[in-house]
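Nothing in this text is a laboratory measurement; each read-out follows from the coordinates by a stated rule. Keep in mind that what you see is a predicted model, and the values were worked out from it rather than measured. Positions of Cβ are generated from backbone atoms using ideal geometry, with glycine treated the same way; all protein chains shown enter the neighbour counts.
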Amino acid sequence: MERRFFKAGLPWGLCLVSLSVALTGCSSDSDETETIGNGRKLRQLTISEVPLTRAVLTDNTTALGAAWSAGDEATLLNVSAISREILYGTFEAKSSAAASLFTGSIACGVYDKLALIYPKAEPTLAEGAFTISLSRQKGTLDDVAKHYHYIYGVGEVTSATETTATAVISEMQSLLAVCKFTFKDKDSGDAIPVQTLTVNYNDASVGYPTTGTVTPSADASAVAVVPSNNQQEWQPLTISFDSETASGVYVALFPISNDDFHFTVTNNNGTYTGTARATLKAAKYYPVTLTLTKQ
């Protein structure tokens with residue numbers, strides 16, 4: 001299967017084109033399963049090969065390569081049942097590859113719509129909504145891939161027996177953008193090592209919406225809705241390292257259109273600050289170098 005990549009975004013401050021990701025799946029062999037009515041019950045479900053995600057990320061300088069890792073856990077939610085009850089289960093990738101089967105147990109029936117969410121989430125809010133938290137990021141690509149870059153897709157149960165079922169996921173989408181930040185001194189042009197990076201909107205006092213809510217539906221599209229700015233919901237997004245690094249800080253951020261970000265970097269030499277205007281699109285990768293001024 002062809003391996004695809006997330007293309008790098010244009011420099012901050014320019015208009016950006018969003019990237020959508022299409023997935024393909026294979027239905028089960030009709031000779032091996034019997035399609036029965038929509039009688040919804042707990043079944044062992046197999047999702048046909050789901051390609052291209054962010055479980056493992058590889059930085060190819062201008063793009064991020066993607067693949068599953070065997071054992072990756074995702075949440076599968078029965079969207080068709082939401083009006084009555086919240087039915088969901090943990091599903092596991094079976095292979096380390098660009099495409100993998102997923103298996104697990106969930107109450108379902110033929111033609112039920114299912115939402116696949118990676119990484120694993122708890123859809124326990126009203127209407128099966130789940131919360132994305134961007135706090136406690138470690139600034140590494142591996143950390144972003146495993147814990148912060150959320151993928152969402154909708155599929156359908158195509159066939160079932162009394163105890164088993166099969167499903168396909170026709171499309172997946174990334175809910176967040178990934179940035180790789182490096183910094184340089186405005187006066188000297190030298191690279192600025194990072195001990196701590198703090199991200200705010202507009203200026204150092206505004207904060208950043210570190211949580212967002214996603215409400216699944218039968219529609220394949222989904223967005224993370226962030227709360228309005230207030231002292232409870234918006235706090236500075238802070239990433240700290242055990243030792244200084246100049247190799248780049250990887251951060252997952254919510255999509256936004258044409259707004260200002262404020263950056264504060266601290267290291268053994270002092271504190272550096274600066275702002276940059278950006279439009280961030282979901283599923284895009286932005287490796288950028290920003291110029292800061294020493295305070």
What list of ³J(HN,Hα) values in whole Hz, one per residue of segment 119-127 in order, does the Karplus curve 6.51 cos²θ - 1.76 cosθ + 1.60 (θ = phi - 60°) give from phi, with Gly and Pro shown as x? x, 3, 10, 10, x, 9, 7, 4, 6
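What pairs from 186/294; 41/94; 138/281; 138/180 go past 19 Å between their alpha carbons?
Values: 186/294 8 Å; 41/94 24 Å; 138/281 22 Å; 138/180 12 Å.
From the list (186/294; 41/94; 138/281; 138/180), the Cα-Cα distance tops 19 Å for 41/94; 138/281.
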HN-Hα J couplings of segment 261-274 from phi, Karplus 6.51/-1.76/1.60, θ = phi - 60°, integer Hz, Gly and Pro as x? 10, 10, 10, 10, 10, 10, 8, 5, 8, x, 10, 10, 9, x
Residue 258: net charge of surrounding residues, Cβ under 15 Å, Lys/Arg +1, Asp/Glu -1, itself excluded? +1
Compactness of segment 115-233 - radius of gyration and Dmax, Cα, Å: 18.9, 70
Cα-based Rg then Dmax for segment 187-295, in Å, read 15.5, 53
With 0.36 nm assigned to each residue of separation and the Cα-Cα distance removed, residue 133 to residue 268 gains 45.7 nm
Packing-based order for 201-207, 262-268, 146-152, using average beta carbon neighbours within 10 Å, highest first: 146-152, 262-268, 201-207
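Would you kindly calculate the translational diffusion coefficient of segment 38-182, applying Stokes-Einstein with the Kirkwood radius from alpha carbon pairs, for 4 °C and a viscosity of 1.567 mPa s, and quote it in µm² s⁻¹ without decimals? Please list the in-between numbers first.
On the way: Rh = 15.7 Å.
Rounded to a whole number, D works out at 83 µm²/s.
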So, by mean Cβ neighbours within 10 angstrom, what's the order for 246-253, 280-287 with the highest one leading? 280-287, 246-253
Under the Karplus curve 6.51 cos²θ - 1.76 cosθ + 1.60, θ = phi - 60°, whole-Hz ³J(HN,Hα) for segment 72-85, x wherever Gly or Pro sits: 4, 10, 10, 9, 10, 10, 7, 5, 5, 9, 4, 5, 10, 7
In nm, to one decimal, how far is the modelled label at residue 218 from the one at residue 96, with both set 7 Å along Cα→Cβ? 4.0 nm
Base-10 log of normalised Debye intensity for segment 141-204 (one unit scatterer per alpha-carbon) at q = 0.19 Å⁻¹: -0.96
